[in-house]
1. Can you give the relative contact order of the stretch 464-585 as a percent, counting alpha carbon pairs under 8 Å and 6+ residues apart?
2. So what's the back-of-envelope 222 nm ellipticity for the chain, counting only DSSP H runs of four-plus at -39500 (n - 2.57) apiece and dividing by all residues, rounded to 500?
3. I'd like to know which of PHE247, TRP190, PRO226 lies farthest towards the positive end of the charge dipole of the stretch 189-253, counting +1 on Cβ of Lys and Arg and -1 on Cβ of Asp and Glu.
4. When a/c is below 1.5 the answer is rounded, else prolate if a/b is larger than b/c, else oblate, so apply that to the stretch 223-362 with a ≥ b ≥ c taken from the square roots of the Cα gyration tensor eigenvalues.
5. Exposed loop sites here are chymotrypsin sites (Phe, Trp or Tyr not before Pro) in DSSP loop states with at most 16 other C-beta atoms within 10 Å. What is the longest stretch of the chain lacking them?
6. From Cα pairs below 8 angstrom and at least 6 apart in sequence, can you work out the relative contact order of the stretch 567-643, rounded to a whole percent?
7. Could you do me a favour and compute the accessible area per residue for the chain, 1.4 Å probe, result in Å²?
8. Roll a 1.4 angstrom probe over the protein heavy atoms and tell me the percent of accessible area of the chain that is carbon or sulfur.
Amino acid sequence: MISLSSQGAAALQQARAQLAAALRKDSGVDDLLARFDRWGPDLWNGLVGAYDAETVLPRFVELIAQAHRDRSKELRARDMERLLQPDWFQRPEAIGYVAYADRFAGDLAGVQSHIDYLSDLGVTYLHLMPLLEPRPAPNDGGYAVMDYRKVRSDLGTMKNLRELATALHEAGIALTLDLVLNHVAQEHAWAVAARKGDVAKREYFLAYPDRTLPDEYEKSLPEVFPAFAPGNFTWDDSLSAWVWTTFNTWQWDLNWANPDVLCEFADIILFLANQGVDCLRLDAIAFLWKRMGTNCQGEPEVHSITQALRAAARIATPALIFKAEAIVGPDDVVKYLGVGEHAGRISDLAYHNSLMVQIWSAFAMHDARLLTSSLNRFAQIPSTTAWGTYLRCHDDIGWAIDDRDANSQGFDGGSHRAFLAEYYAGEFDGSPSRGAHFQSNPLTGDRRTSGSAASLAGIESALEAHDEAALTLAIDKVLCGYAIVLGFGGIPLIYMGDEIGLLNDYSYVDEPEHAADNRWLHRPMMDWPRAKSAPTSSDYSGRLLRGLTELIEARKDCEALHAATPPEIFHGADSAILVLRRRHPGGTVVQVFNMAGSARELPAESLWPLDTTHLRDLISGSSVSLSGASLRLPAYGTLWLVDTP
Ligand code: GLC
């Protein structure tokens, strides 16, 4: 039950009348009002959590009315489709792909001409990395936006974006874009106006005349980019003030306590939805709300704000969903999908950063115990939401191993994090990895890691050494990682190039804007000759692509992989083997993954409740028999087992 104060009920009644009056002559108004009745309470409760809701609500109603007028017939039909199948992103058929438009295909028109490639792979969801007009480089890979209503000029125009969205929709692919809401480029019109003395616009930012408050805040603030942007405040001469800049000095944090900022973003969100965008990735969402004495991440207001924005979108543009990018610890990340009063009312998707970290950690240790214990500590997520699961993305890997989790396995968190950084930088004896340290922080000893999946797994070093056995192991390791990503439940996000094993791209050092940021190591250009030949090639790209395609096919047919069925997670008697058991009304699946580089065995009891005399592997389609009372798994072997013919 949604609780609503009497003040809220009265305000909503008035807002409803305002909406009905504004749209008297428009089509679809009855549907819109029905949605207002359904999600209005979420909107009110969200606003109340951070603002004077009485004054903000009428402003939201105007934005909703305008967005409704602007919504095309086709997108209104899409709204209906999505409302009828709200679990579209939770379904086993959902397969994500993540790419930079320019590095994938030159520009938006290029992406459009490569839709077939995505369809052949089975992709149903495409996240195109930041493509709204950024400041001139450096711009943090586009995460310093100058204009949210304009496409980066070398990629195309808003019209091209709408055309691309339409073409993707026709191919059954949803479009995700980044919405950077913690900060704007210092060249954004708001910041320019603030510097020119516009008092209202100055209030969009957090600017302090002297160091008193910044120093006080710094006491509890961590540093995101300690190596290239130490500190969280930057002096600006024109403002005569220290401006809050969590990330780079030219990324100005916004003052979300100002309701004008909220309304600007509500407007931008509805505008982007009306271009045909299906999902917005809420970049760095944890950082929105600042509170003295805290690390200024994940404050309660963040969730209230997300709830208000989502409710507005549910009402005006309901085909739109949100994905939270909150790279925070296990206890906190679940909150972005909603706990307590926010359950199921905020982001629909959230990145499962811990799963990614734990997969790489388990590979390095040949052991799944830390992975199982830490994933089992996660609270259940609302049944209407899903994880975005991934093995690699455009960012570095922060070794977010929780100290308590490490202690529960008998080792020290700090030492394990240091081990992982060294292992994946190839500095540990026997490590086949070719990663690089990112943002070493001498104060905390923290080091993060850059590198592509293929290079981290050992494909690069095996190729160089012409070591066929090592190459096979590395390929199987990537496939095992992806089998977990595809088999965990939630939308798997394939990072561009992983399907053909693109290696580290060392040429980033030749580009002045990229040279200082080694995350470009794992942001290569798409290798189209390699991609084109992969389906029939016997090289590592072909082997990876065929393996991944098999996994995608298997996933699509497996109803038990619906995100609303969470897996039971445990490890075998041999702790290298990870087991995910999914008991779904449509049939049980037991997935087994060998995280070690040597063959291991799993006792038959671990496959309960399957009938082990009739086992079949969904990935290969073949029947599987035990050897004695155990199941034998080759190095990095993966099986998704059922007991039906
Ligand atoms: C997100 C992005 C990252 C960027 C940061 C600041 O974490 O993924 O690439 O540097 O936000 O916008």
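The values are calculated or read from the model by the stated rules, or taken from the named source; none is laboratory data. Just so you know, these numbers come straight off a predicted model, no measurement behind them. Note that we place each Cβ from the backbone using ideal geometry, even for glycine, and neighbour counts take in every protein chain shown. Accessible surface areas use protein heavy atoms only, side chains included; no ligands, DNA or RNA. Shrake-Rupley method; radii C 1.70, N 1.55, O 1.52, S 1.80 Å.
1. Relative contact order here is 26 percent.
2. Helix-only estimate at 222 nm: -11500 deg cm²/dmol.
3. TRP190
4. oblate
5. Counting only loop sites that pass the neighbour cut-off, the longest clear stretch is 1-227.
6. Once divided by the residue count of the stretch 567-643, the mean separation gives 32 percent.
7. Values: 23540 Å² over 645 residues.
Ligands and nucleic acids excluded, the figure is 36 Å² per residue.
8. About 52 percent, which is the carbon plus sulfur part of the accessible surface.
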